[in-house]
1. How many of the residues in the stretch 55-70 are farther than 21 Å from ARG25 by Cα and surrounded by fewer than 12 Cβ atoms within 10 Å (Cβ to Cβ)?
2. If a residue has to be farther than 27 Å from VAL47 by Cβ and touching a Pro at 6+ places or on another chain (Cβ under 7 Å) to count, how many in the stretch 6-32 make the cut?
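Every number here is computed from the coordinates shown, using simple stated rules; none is lab data. Remember, it's a predicted structure, so these values are computed and weren't measured experimentally. Cβ: placed from backbone, ideal geometry, glycine included. Neighbour counts: every protein chain shown.
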Amino acid sequence: MILAGILPPTAGEIIINGERVNGPRREIGVVFQNPVLLPWRNVFDNVLLPVQMLRLPRRQYEARARSLLEMTKMHLFADRLPSELSGGMCCKCCERSLV
């Protein structure tokens, strides 16, 4: 979490490729041990969450998100909420770290 810039270091500093880590970085994805999906967002919107958090242009990443959902056969459930999915299906939504 510290390397990804989600949590600040308690001492010292983190340097990646000569740059100090001051916050979330686009080139570092985080996959949690347990699925962490926002319950009010459907599968597609959960996959695109990093795009929103990094304030990137959503339309530019929608095709990539669809492609990742198709690879895991989750495109059939793109409009479903996490509460409508099995535990294994929720785990498949970790492709958001690859968008």
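1. The initial filter retains those residues of the stretch 55-70 that are farther than 21 Å from ARG25 by Cα, namely 63, 66-67, 69-70.
Okay, now just the ones that are also surrounded by fewer than 12 Cβ atoms within 10 Å (Cβ to Cβ), so 63.
Residues that pass the stated criteria total 1.
2. Residues meeting the conditions: 0.
The rows are residues; the columns are (1) within 23 Å of ASN22 (Cβ to Cβ); (2) out of contact with any helix residue (DSSP H, G or I) (no Cβ under 8 Å at 6 or more places or on another chain).
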residue: LEU49; (1), (2): yes, no
residue: ARG59; (1), (2): no, yes
residue: ALA63; (1), (2): no, yes
residue: LEU68; (1), (2): no, no
residue: HIS75; (1), (2): no, no
residue: ASP79; (1), (2): no, no
residue: GLU84; (1), (2): no, no
residue: MET89; (1), (2): no, no
